[in-house]
Amino acid sequence: QVQLVESGGGMVQAGGSLTLSCTAPRTYAVGWFRQAPGKDREIVAAMNWAGTSTGYGDSVKGRFNISRASSRKTWTLQMNNLKPEDTGVYYCAARRAPSSGYFYLRSVEYDTWGQGTQVTVSS
């Protein structure tokens, strides 16, 4: 059974930065999602397993960056210029992809999820 290992998160003031990491199998496409209290889970960023294509939620474009380590097992979400509205539980998600070119932006397209990590941004 595939397990995703997340790390990072915490508390930061608005304008600050945080980094989240997720360990996933090499041939899985990975996405980061977040969920704030009382809100639906939303896409933050996604990448194909080759590490060549990415997609982002509109609210984080230009501030967040998803990348893959050279070891190809660790996926990183670098979050810059954080805002209070970025507060929530962040989840790493993964799935097998039919080829290296695919990434996925909908939560229903993923079948494996991490335990989630809390990100809190104070104003």
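Rundown of residues vs (1) at negative phi; (2) of a type in the set (Ser, Thr, Tyr), yes/no style:
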position: ARG34; (1), (2): yes, no
position: VAL44; (1), (2): yes, no
position: GLY51; (1), (2): no, no
position: GLN78; (1), (2): yes, no
position: ARG96; (1), (2): yes, no
position: ARG106; (1), (2): yes, no
position: TRP113; (1), (2): yes, no
position: SER122; (1), (2): yes, yes
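Quick one: which strands (runs of 3 or more DSSP E) lie wholly within region 1-73 and hold at least 2 residues that are of a type in the set (A, V, I, L, M)? Even if it seems obvious, please write down each step before you answer.
Details: elements: 5-8, 10-13, 18-23, 28-35, 42-47, 54-56, 64-68.
Result: 10-13, 18-23, 28-35, 42-47.
Could you please tell me which pairs satisfy a Cβ distance under 9 Å, a separation of 6+ or placement on different chains, a first residue in region 82-108 that is open to solvent by 50 Å² or more (accessible area, probe 1.4 Å), and a second residue that is part of a helix (DSSP H, G or I)?
ARG95/GLU109
From THR76, THR112, which residue is within 18 Å of GLY9 (Cα to Cα), β-branched (Val, Ile, Thr) and open to solvent by less than 80 Å² (accessible area, probe 1.4 Å)?
Details: THR112 fails: within 18 Å of GLY9 (Cα to Cα).
THR76 is the lone residue from the list that is within 18 Å of GLY9 (Cα to Cα), β-branched (Val, Ile, Thr) and open to solvent by less than 80 Å² (accessible area, probe 1.4 Å).
Looking at (1) of a type in the set (Lys, Arg); (2) loosely packed, with under 14 Cβ neighbours inside 10 Å; (3) touching a residue at least 60 places away in the same chain (Cβ under 8 Å), which is the one condition that is false for ARG26?
Among (1) of a type in the set (Lys, Arg); (2) loosely packed, with under 14 Cβ neighbours inside 10 Å; (3) touching a residue at least 60 places away in the same chain (Cβ under 8 Å), the lone unmet condition for ARG26 is (3).
Considering only region 51-67, I want to know if a residue exists there that is within 15 Å of LEU4 (Cβ to Cβ), open to solvent by 30 Å² or more (accessible area, probe 1.4 Å) and over 10 Å from the mean Cα position of the chain (by Cα).
no
Please enumerate the residues belonging to region 6-55 that are within 13 Å of MET79 (Cβ to Cβ) and small (Gly, Ala, Ser).
GLY8, GLY9, GLY10, ALA14, GLY15, GLY16, SER17, SER21, ALA45
So if I check each of ARG41, ARG34, which one is closer than 17 Å to ARG106 by Cα, open to solvent by 60 Å² or more (accessible area, probe 1.4 Å) and touching a strand residue (DSSP E or B) at 6+ places or on another chain (Cβ under 7 Å)?
Values: ARG34 fails: open to solvent by 60 Å² or more (accessible area, probe 1.4 Å).
From the options ARG41, ARG34, the qualifying one is ARG41.
Every residue, every condition in (1) among the hydroxyl-bearing types (Ser, Thr, Tyr); (2) farther than 18 Å from MET11 by Cα; (3) at pLDDT below 95, yes or no:
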{"position": "GLU42", "(1), (2), (3)": "no, yes, no"}
{"position": "ASN48", "(1), (2), (3)": "no, yes, yes"}
{"position": "GLY62", "(1), (2), (3)": "no, yes, no"}
{"position": "ILE66", "(1), (2), (3)": "no, yes, no"}
{"position": "SER71", "(1), (2), (3)": "yes, yes, yes"}
{"position": "LYS83", "(1), (2), (3)": "no, no, no"}
{"position": "ARG96", "(1), (2), (3)": "no, yes, yes"}
{"position": "THR117", "(1), (2), (3)": "yes, no, no"}
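The values are calculated or read from the model by the stated rules, or taken from the named source; none is laboratory data. Because the structure is a prediction, the values reported are computed rather than measured. Please note: Cβ atoms are built from the backbone with ideal geometry, for glycine as well, and neighbour counts cover all protein chains shown. Remember, those area values only see protein heavy atoms, side chains included, never the ligands or the DNA or RNA. Shrake-Rupley method; radii C 1.70, N 1.55, O 1.52, S 1.80 Å.
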